[in-house]
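One structure below.
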Amino acid sequence: MDPSPQNSSSATGNGVLSTSASATPSPAPNPTSGAASDPAEEAKQNLNQVINSIDKTLGLLHQLYITVSSFSVASQLPLLQRLNALVAEFDAMQKMADKCNIQIPLEVVSLIDDGKNPDEFTKDVINNCVAKNQVTKGKSDAFKSLRKHLLEELDHAFPDEVDMYREIRTSAAESRRPAQSQHTLPNGDVKVKPEH
């Protein structure tokens, strides 16, 4: 009897429902099928296989822990079988992992090594983005305020030139509108020109 869990459904951390496979990895997707030929779908299947293998490895480690903690001479054969199954699963996981191209930031690995939650990295990235966004918005608002102030001052000093500038800007804006409205339907959808 195989000591490994055969088929248990589990929800992974990313919200994907996955089922654990047997000791051998799942067969590769059929290249002739339409959905499996999509590179994104194939990458997703490879990732799900690795996740299933990790789940199975954790189950094998738990069983190995139970066997070792209550070790007796009679449990030597099951212990060897579980060790062999664990080594085989590590080998299968390594082969499947070679097909997955996942890049993990070194900061996440450092956080895990320090015993911290890797979600802190995501929180820090979002906080940095918000801070940079506020700085950029502040600069944009400052330029808008400067432009408005310059136009007011120029209007007092050179009213004719400012009126000409405003007419040029208005005509340029109106000439851009028909080009944009040609590609926009009345309900706001954008027309796509058919390719020949």
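The values are calculated or read from the model by the stated rules, or taken from the named source; none is laboratory data. Keep in mind the model is a prediction, meaning the values are calculated, not measured. To get the accessible areas, we keep the full protein, side chains included, count just its heavy atoms, and leave off ligands, DNA and RNA. Shrake-Rupley method; radii C 1.70, N 1.55, O 1.52, S 1.80 Å.
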TODO: Please give the length that would be gained between residue 142 and residue 42 if that part of the chain were fully extended, namely 0.36 nm times their separation in residues minus their C-alpha to C-alpha distance (nm, one decimal).
DONE: 31.2 nm
Task: Heavy-atom accessible area order for 38, 113, largest first, 1.4 Å probe - done: 113, 38
Open item on the list: For residue 70, what accessible surface area do you get with a 1.4 Å probe? Give it in Å², rounded to 10.
Closed with: 80 Å²
